[in-house]
1. Which residues, taken from segment A:11-63, are touching a Ser or Thr at 6+ places or on another chain (Cβ under 6 Å), aliphatic (A, V, I, L, M) and under 20 Å from A:R77 (Cα atoms)?
2. Suppose the filter is buried (at least 22 other Cβ atoms within 10 Å of the Cβ) and among the β-branched types (V, I, T); does A:V70 pass it?
3. Checking A:T162 against (1) at positive phi; (2) at the interface with another protein chain (Cβ under 10 Å from one of its Cβ atoms): exactly one of these is not met. Which one?
4. Filter segment B:216-241 for residues that are part of a helix (DSSP H, G or I) and small (G, A, S); which is nearest to A:D234 (Cα to Cα)?
5. Would you check if there is a residue in segment B:150-169 being facing chain A (nearest Cβ under 8 Å) and of a type in the set (D, E)?
6. I need the full set of residues from segment B:13-67 which are of a type outside the set (K, R), without any contact (Cβ under 8 Å) to a residue 40 or more places away in the chain and over 23 Å from B:H184 (Cβ atoms), in order please.
7. Name every residue in segment B:143-179 that is part of a loop (DSSP other than H, G, I, E, B), without any contact (Cβ under 8 Å) to a residue 60 or more places away in the chain and under 23 Å from B:I113 (Cβ atoms), in order of residue number.
8. Restricting to segment B:184-211, give me the number of residues that are more than 8 Å from chain A (Cβ to nearest Cβ), over 18 Å from B:L151 (Cβ atoms), not β-branched (V, I, T) and not in a loop (DSSP other than H, G, I, E, B).
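Read the figures in this text as sums done on the coordinates, not as results from a lab. In this text, all values refer to a predicted model and were calculated from it rather than measured experimentally. For neighbour counting, all protein chains shown are included, and Cβ atoms are generated from backbone atoms with ideal geometry for every residue, glycine included.
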Amino acid sequence: MYSVEVKDISKVYGKEKLVAVDHVSFSVNKGDIFGLIGPDGAGKTSIFRVLTTLLLPDGGGATVEGFDIVKDYEQIRSRVGYMPGRFSLYQDLTVEENLHFFATLFGTTIRENYDLIKDIYVQLEKFKDRRTGKLSGGMKQKLALCCALIHKPTVLFLDEPTTGVDPVSRKEFWEMLKRLKAQGITIIVSTPYMDEADLCDRIALMQAGKILSVETPAHIINNYGDLLVEVKADNMYELLKVLKEYKKALNSYAFGEYAHVSFEKEIPGDFLPFLQQRGLSGIFMAPANVTIEDCFIKLLKS
Amino acid sequence: MSDTVIQTEKLTKRFGDFIAVNEISFSVNKGEIFGFLGANGAGKTTAMRMLCGLLKPSSGNAQIAGFDIYKQTEKIKQSIGYMSQKFSLYEDLTVLENIRFFGGIYGLSNTQISLKSKKLVDELGLQQEAKKLVAELPLGWKQKLSFSVALLHDPKIVFLDEPTGGVDPVTRRQFWEMIYEAAHRDVTIFVTTHYMDEAEYCNRISIMVDGKIEALDSPSHLKQKFKATSMDEVFYQLARGAKREE
């Protein structure tokens, strides 16, 4: 059973007819964490706004929890929680007032659904009388999540909740998402961080309004297809330049402390001698673990 | 000593009772790529604002490009470039207008500005876009353009505040190639990032926790020291203990 079904959705903006979303289709299983992975301008926010009934698509259609995004927008609004990318709470209200406000809007009370937000809200409780504008970024993010959850939605839309957030806070945020998933909530989350893709059940890799691939992360990685090698040398700047000149490689690029180099099937016999001839020292070479980022780079290139 | 372009000694910034930056001492060499990491709220932005001559320290000393952080802030500003993800270029000006504007701000002559404009546009392959508004450029190009603009006046140091946030993985790497090239020409790069793979591209990195520099070394030494396989782990071990809520 699908929680969200998107069929051939397009969204075009302005006189210039800027295509933000270009015939996108995907479906999200009930109870999954589904990731929209892609850089700024990929169309992630437009898709979120269409699915939360804040924006009409210019083509195609979609259902959320079986309801049509155009005809049944009222039913959808009471069933989804939405945390926009830009902080959208009332800065002049306190933490508690914001939460109370959102609960009231949806005809419920904080007490009624407290269980769902308890884990997150306890971390905010000591600031409950502080104005939201005075909260730290991490705290704002937690409060925004509470406000998106207070009416007990069955589907949660999170638009880049971890952008600009440090790695430790990002980890904590994903732990929270796992606990929400355990409660049966379907979560659709967007992120520009490729390493977060592995934490999703299924992902859509997006670029410039199009979906490049929709699959489980493992499936995307297993279908990478090329031979990926990690290479290191004493002078990484030189190594990266030299690798670009080696024409038998399909692609080469920096990847953390290594350079990743892809080949069609095997490493050509003249590869290592080529690097040595170019004066590189301390060369280390080993098969690399393919990551979602490698897959994304390959998709962008083709 | 002449190769040191940033030198701080117990540099501190207090806001009331709150010690945002707590006695940080470090130095950065000419042509070095220095990664300045830390959790949100660790004090990175405050430290960076002091180093750029925008904020007076509460105590401690620092020399930036040979200039004193208290008395010579204008000289510092002329010797550095700055780029952040949030603000870099004027969206309502064209590519060429932005270059002319920033060139003018940094006191370049008209001849220099036209020479540099042409060179920059050629190098970035922006000939078709030169007369377009910056708002119309894809984010990746904007970031590359704004890095080049930050280098327009040949600064000794360029400060980059999360320059690659939200940029696709291919453009992110092209951006780092530009960083490498600039460092190769002896420009010192001072960069913050939340991408831990980018920390690996730095010669040395520092990690701030609750206002202090808790670690400073090359990525490989840090990994050895913390018995970690990735910078992500090093960062996690250090920042996990942070007390501050930002």
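1. A:V28
2. no
3. That leaves (1) as the condition not met.
4. B:S220
5. Checked against the condition, which is being facing chain A (nearest Cβ under 8 Å) and of a type in the set (D, E), segment B:150-169 yields at least one hit.
6. Matches in segment B:13-67: B:F15, B:G16, B:D17, B:F18, B:T46, B:M50, B:G53, B:L54, B:F67.
7. B:D154
8. 5
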